[in-house]
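The values are calculated or read from the model by the stated rules, or taken from the named source; none is laboratory data. This one's a predicted model, so the numbers in the text were calculated from it and none came from an experiment. Cβ atoms come from the backbone with ideal geometry, glycine included; neighbour counts cover every protein chain shown.
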Amino acid sequence: MNGLELIYDFFEDHVRAASAVRERRPIALGVLCFLIGGLSVFAAQALSYRLLLSVSWSSCALLLLWKLAAGFLLVAVLHLLLEMGGRQGSAAGLFVLFGFSELAWALALPLVMLARLFSPLWPLTAIFLGVTFWSFLLKARSLQDSYQISAGRAWMTLALPYLGMAALGLALASLALLSLALHLFKIWH
């Protein structure tokens, strides 16, 4: 089975694709899919004028590097959580399947172009939220296929790193506000 057939199976027969990925572990194909997904995000955000960085080769390279590193880190954390929970699976296989799920972002570019053609701004947020949800849906399904867990457990496991990052951000923001309040209190007294 070649790479295109494997990607096709990921969207059509995900159980077969997960089985083939477990056997072959095509890491390079997973990396390529992460990069294609990142390039699609960059192009869609640039067309919608929602890019945080400038439209340049360096910002594109930075986004691609970020997508790849974030994908690797997410897979590592999820694999660790599931292994600690007694589930057996392949982190390399999960990385490849998560790369395939990033291909959902390739849909964002034509949708943004159509939205820009027919309406100036309103559907762009819905497009990005919809593609994000579809990508998460594919990631949860990949967790189910790789570790043989239920849909609920896959969603909860997938949400844990994001909830942890949100809690860390909230704690850091609270500490910064507390530090500012203490500093202002010292100045006034």
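Which condition number in (1) closer than 19 Å to F34 by Cα; (2) surrounded by fewer than 21 Cβ atoms within 10 Å (Cβ to Cβ); (3) among the hydrophobic types (A, V, I, L, M, F, W, C); (4) modelled with pLDDT of 90 or more is the one that A151 fails?
(1)
Counting only residues that are of a type in the set (A, V, I, L, M), touching a residue at least 24 places away in the same chain (Cβ under 8 Å) and within 18 Å of G3 (Cβ to Cβ), give me the helices (runs of 4 or more DSSP H) lying completely in segment 13-124 with at least 1 of them.
Filter on segment 13-124 gives 14-24, 27-47, 57-84, 91-101.
Among the residues of segment 1-60, what is the count of those that are surrounded by fewer than 17 Cβ atoms within 10 Å (Cβ to Cβ) and under 25 Å from Q148 (Cα atoms)?
Residues flagged as surrounded by fewer than 17 Cβ atoms within 10 Å (Cβ to Cβ) and under 25 Å from Q148 (Cα atoms) within segment 1-60 amount to 18.
Farther than 28 Å from A91 by Cβ, without any contact (Cβ under 8 Å) to a residue 12 or more places away in the chain and of a type outside the set (K, R) - does that describe any residue in segment 153-170?
Looking through segment 153-170, at least one residue is farther than 28 Å from A91 by Cβ, without any contact (Cβ under 8 Å) to a residue 12 or more places away in the chain and of a type outside the set (K, R).
Quick grid of which residues meet (1) modelled with pLDDT under 90; (2) among the hydrophobic types (A, V, I, L, M, F, W, C); (3) under 23 Å from R116 (Cα atoms):
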position	(1), (2), (3)
S19	yes, no, no
R22	yes, no, no
A44	yes, yes, yes
V55	yes, yes, yes
A61	no, yes, no
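Hey, among the residues in segment 77-105 that are more than 13 Å from the chain's Cα centre (by Cα) and among the small types (G, A, S), which one's nearest to G164 (Cα to Cα)?
Step by step, filter segment 77-105, then rank; the result is G85.
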